[in-house]
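Below is one structure, written out as structure tokens; comments come after it.
The values are calculated or read from the model by the stated rules, or taken from the named source; none is laboratory data. These figures come from a predicted structure and were not determined experimentally. All Cβ positions, glycine included, derive from the backbone under ideal geometry; neighbour counts span all protein chains shown. In case anyone asks, the SASA skips ligands and DNA or RNA and just uses the protein heavy atoms, side chains included. Shrake-Rupley method; radii C 1.70, N 1.55, O 1.52, S 1.80 Å.
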Amino acid sequence: MADTKRPVSPAAEEILGLYFPLLDHGFVSLVDYMGTDECIERAARVSYGHGTRKRSQTRGLLRYLRRHKHTTPSEMVELKFHCCMPMFVARQWIRHRTANVNELSGRYSLIPMLFYTPEAAQLQTQSRQNNQGRSGEVVAASVHAEAVRRWNEIRRASAEAYDWMTAGEVARELARIDLPLSTYTQWYWKIDLHNLLHFLTLRVDAHAQWEIQEYGRVMAGMLKRVAPLSYEAWIDYDVCGAHLSRMEMEALGALVAVEGGGLRSQPGVVLDAQVLAAGGLSNREVEELLRKLSRSSTPPPDFDLDLRTAKPADYFAERFAAAVPRVDRPPPEG
Ligand SMILES: Cc1cc2nc3c(=O)[nH]c(=O)nc-3n(C[C@H](O)[C@H](O)[C@H](O)COP(=O)(O)OP(=O)(O)OC[C@H]3O[C@@H](n4cnc5c(N)ncnc54)[C@H](O)[C@@H]3O)c2cc1C
């Protein structure tokens, strides 16, 4: 590797340009990054070049900044990803407006005929608690088999129509309009660390759709290698931490008192649902408070990348080239 004066993170260098497979045809790769944890500290202090600060001092500062939402220093670090995902995932992802995006052009290029098929474990019934999600209960194997058969039928018809139109005179920008949302697209996506943490907080959360969570988890693993101290603070204060409302603070204040530089439990105090409701918490807020507190017994996620799954760029380039309609394929050799 050429010598560089840039701050680098050895763990991030190790994965640069590796492609991590996701779902059945997708991937995420960390293409490049600018800056490390130390750069955030230097920006926060507006200091002159590399200092001699101890790692523990850097860690303390970064955690302070995160706790107090002093976020602009973390905008000094940037990460650039190459991502490939089904269009319905891309549609959720693109709502994050603070990234720079360049997507594969379906007006210019032929779109590979690759479609996402959920595995049996993911095909679940509609949740009754959360209208936006799945329940955790897998549908019968026969329902999965029939759904896959129907999806394949639609995809075959869509792919054939696309193939026929693009092989003829029809412009690609219109030939594509009936491709299903399961079709894979791809983009380069660059974002600063502050906004990446916001994206990841929302998208590794259990309320996000499982498919985009999968991408969030891998990207969190990449971030862990670029800026491990920022990652650690994010896990502690955002992923495993929680915001408390006035009513929640009052409820917890009835259980524990601040005393002698510590906390003292109030003996015999029990807050049942009725007491919590009397304190102004709606049923839903009570449920959410209990969920927040039950998280304290769950070990923090580690989001470590499994390097054994990583592929070289060519692996995906070849698969995608083989999946575009015939007109764009190179002629067979010989
Ligand atoms: C579980 C879940 C369910 C969702 N369901 C729906 C849904 O049903 N329908 C739907 O339409 N969307 C839905 N969304 C998308 C959601 O409403 C947000 O659009 C998306 O999460 C992006 O969040 P954001 O705007 O905070 O992020 P970003 O666009 O990345 O912005 C980051 C932050 O920058 C600031 N910012 C950016 N742009 C502006 C601006 N123009 N003005 C002021 N501040 C700005 C805000 O502080 C914002 O939080 C859902 C998201 C999640 C996670």
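Among the residues of segment 91-113, how many are within 16 Å of the ligand (Cβ to nearest atom) and either open to solvent by 60 Å² or more (accessible area, probe 1.4 Å) or aliphatic (A, V, I, L, M) (or both)?
8
Six or more apart or on different chains, Cβ under 6 Å: which pairs go from a residue in segment 5-19 that's farther than 13 Å from ALA310 by Cβ to one that's open to solvent by 40 Å² or more (accessible area, probe 1.4 Å)? Could you list them?
Once the first residue is farther than 13 Å from ALA310 by Cβ and sits in segment 5-19, its partners that are open to solvent by 40 Å² or more (accessible area, probe 1.4 Å) give PRO7/GLU38; ALA11/ARG225; ALA12/ARG225.
Could you list all residues from segment 124-152 that are among the hydroxyl-bearing types (Ser, Thr, Tyr) and open to solvent by less than 80 Å² (accessible area, probe 1.4 Å)? Break it down into steps so the answer makes sense when it comes.
Taking segment 124-152 and keeping what is among the hydroxyl-bearing types (Ser, Thr, Tyr), we get 125, 127, 135, 142.
Result: THR125, SER127, SER135.
Show the residue pairs that are 6+ apart or on different chains and have beta-carbon atoms under 7 Å apart, the first residue being within segment 193-212 and among the hydroxyl-bearing types (Ser, Thr, Tyr), the second being in a helix (DSSP H, G or I) and open to solvent by 20 Å² or more (accessible area, probe 1.4 Å).
So the pair list comes out as THR201/ASP238; THR201/VAL239.
Confirm whether LEU179 is crowded, with 16+ Cβ neighbours inside 10 Å, within 19 Å of ALA227 (Cα to Cα) and not hydroxyl-bearing (Ser, Thr, Tyr).
When the stated conditions are applied, LEU179 does not pass them.
Checking PHE88 against (1) of a type outside the set (Val, Ile, Thr); (2) surrounded by 20 or more Cβ atoms within 10 Å (Cβ to Cβ); (3) more than 17 Å from VAL226 (Cα to Cα), only one condition comes out false. Which one?
Going through (1) of a type outside the set (Val, Ile, Thr); (2) surrounded by 20 or more Cβ atoms within 10 Å (Cβ to Cβ); (3) more than 17 Å from VAL226 (Cα to Cα) one by one, PHE88 breaks only (2).
With respect to the numbered conditions (1) over 26 Å from the mean Cα position of the chain (by Cα); (2) part of a loop (DSSP other than H, G, I, E, B), which one is the sole condition not fulfilled by ALA321?
In the conditions (1) over 26 Å from the mean Cα position of the chain (by Cα); (2) part of a loop (DSSP other than H, G, I, E, B), ALA321 misses (2) alone.
Can you tell me which residue is surrounded by the most Cβ atoms within 10 Å (Cβ to Cβ) among those in segment 197-212 that are more than 10 Å from the ligand (Cβ to nearest atom) and of a type outside the set (A, V, I, L, M)?
Once the filter is applied, the top-ranked residue is GLU211.
Anything in segment 213-241 that is of a type outside the set (Ser, Thr, Tyr), more than 11 Å from the chain's Cα centre (by Cα) and more than 16 Å from the ligand (Cβ to nearest atom)? List them, or say none.
Answer for segment 213-241, where residues must be of a type outside the set (Ser, Thr, Tyr), more than 11 Å from the chain's Cα centre (by Cα) and more than 16 Å from the ligand (Cβ to nearest atom): LYS224, ARG225, VAL226, ALA227, PRO228, LEU229, GLU232, ALA233, ILE235, ASP236, CYS240, GLY241.
Could you list, in sequence order, the residues of segment 91-109 that are free of Cβ contacts under 8 Å to residues at least 40 places away in the same chain and among the hydroxyl-bearing types (Ser, Thr, Tyr)? Lay out the reasoning, then the answer.
First, the residues of segment 91-109 that are free of Cβ contacts under 8 Å to residues at least 40 places away in the same chain: 94-95, 97, 105.
Within segment 91-109, SER105 is the sole residue that qualifies.
Suppose we keep only residues that are among the acidic types (Asp, Glu) and assigned to a helix (DSSP H, G or I) within segment 13-63. Which one would you say is surrounded by the fewest Cβ atoms within 10 Å (Cβ to Cβ)?
Out of the qualifying residues, it is GLU14.
Mind checking which residues of segment 275-321 are surrounded by fewer than 11 Cβ atoms within 10 Å (Cβ to Cβ) and over 30 Å from GLU13 (Cβ atoms)?
Result: ALA278, ASN283, ARG284, SER294, SER296, SER297, THR298.
With (1) over 20 Å from GLY241 (Cβ atoms); (2) open to solvent by 80 Å² or more (accessible area, probe 1.4 Å); (3) touching a strand residue (DSSP E or B) at 6+ places or on another chain (Cβ under 6 Å) as the list, and LEU263 as the residue in question, which single condition is left unmet?
Failed condition: (1).
Which residues, taken from segment 77-122, are over 18 Å from the mean Cα position of the chain (by Cα) and of a type in the set (Ser, Thr, Tyr)?
The answer is SER105, TYR108, SER109, THR117.
Can you tell which of SER245, SER230 is over 30 Å from ILE15 (Cβ atoms) and open to solvent by less than 80 Å² (accessible area, probe 1.4 Å)?
On the way: SER230 fails: over 30 Å from ILE15 (Cβ atoms).
Among SER245, SER230, only SER245 is over 30 Å from ILE15 (Cβ atoms) and open to solvent by less than 80 Å² (accessible area, probe 1.4 Å).
Anything in segment 110-140 that is of a type in the set (Ser, Thr, Tyr) and either in contact (Cβ under 8 Å) with a residue 24 or more places away in the chain or within 30 Å of ARG319 (Cα to Cα) (or both)? List them, or say none.
Scanning segment 110-140 gives TYR116, THR117.
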